[in-house]
Amino acid sequence: MTQDERSRTKYQVVADALRAKIADGTYAVDSRLPTKDELVTLHSVAPGTIDRALEVLRGEGLIETTHGVGTFVRAPKSEADLANEGLAARVARLEAQMMDVYANLGLSPSADQPSSRRVG
C-alpha cells in the first residue's frame, strides 16, 4: 500500500481502483461489475466499504445498480448531457421560486389564463 493510499479511506481506495478499471476498459460500458461478495474478496474489505465505494461511483454516474440484477458500467455522459442536466436543475429551481412568488402575492398560477392582477 502506498503512502497516498494510507491517507485515503478504504472506500476511496476501492472506488479509485474500480474507476481506473472502468477507465482502462477492464470493466467496459454495459458490462456487469463483480458482485459485492466478489468485490469484498478482491479488495479484502468489509461489505460496507464496498457499498460506500459503489455509492461514490453511482454519484459520479459511472455505474448503475438494478436490484436483483447487478451493477453495470454506464456510458460516460457527453458535455451536452451534463449541460442539459445543469440547465434542467436551474429551471426547476426557478419554477420553485416563481411558485413562492405567486403564493406570496396571493396569486394562482395558470398556464391558460393571464393574471388579472398587475404586479408593480
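What follows is calculated from the coordinates using simple rules that are stated; it is not laboratory data. Keep in mind that this is a model prediction, so the values were computed, not measured. Glycine also receives a Cβ, built like all others from the backbone with ideal geometry; neighbour counts cover every protein chain displayed.
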Fill in: Per-residue Cβ neighbour rank within 10 angstrom, fewest leading, 30, 16, 51
30, 51, 16
Discussion item. Using Cβ contacts closer than 10 Å as the measure, can you line up 45, 13 from fewest to most?
Written reply: 45, 13
Worksheet, complete the sentence: Rounded to the nearest 0.05, FRET efficiency between residue 24 and residue 78 (Cβ-Cβ, R0 22 Å) equals 0.60
Discussion item. I'd like the FRET efficiency for residue 69 and residue 8, computed as 1/(1 + (r/R0)^6) with the beta carbon distance as r and R0 of 25 Å, rounded to 0.05.
Written reply: 0.25
Worksheet item: Relative contact order (percent) for the chain, with alpha-carbon contacts under 8 angstrom and 6 or more residues of separation?
Response: 21 percent
Worksheet entry | Degrees, to the nearest 10: 47-59 long Cα axis against longest axis of the chain | 40 degrees
Fill in: 0 to 90° range, to nearest 10: angle between helix 10-23 axis and the chain longest Cα axis
90 degrees
Response to the item:
With DSSP loop assignment and no more than 14 other C-beta atoms within 10 Å, the trypsin sites (Lys or Arg not before Pro) in the range 48-113 are 77
Discussion item. Below 12 Å, Cα to Cα, which aspartates and glutamates can residue 10 reach? Residues fewer than 8 away in the same chain don't count.
Written reply: 51
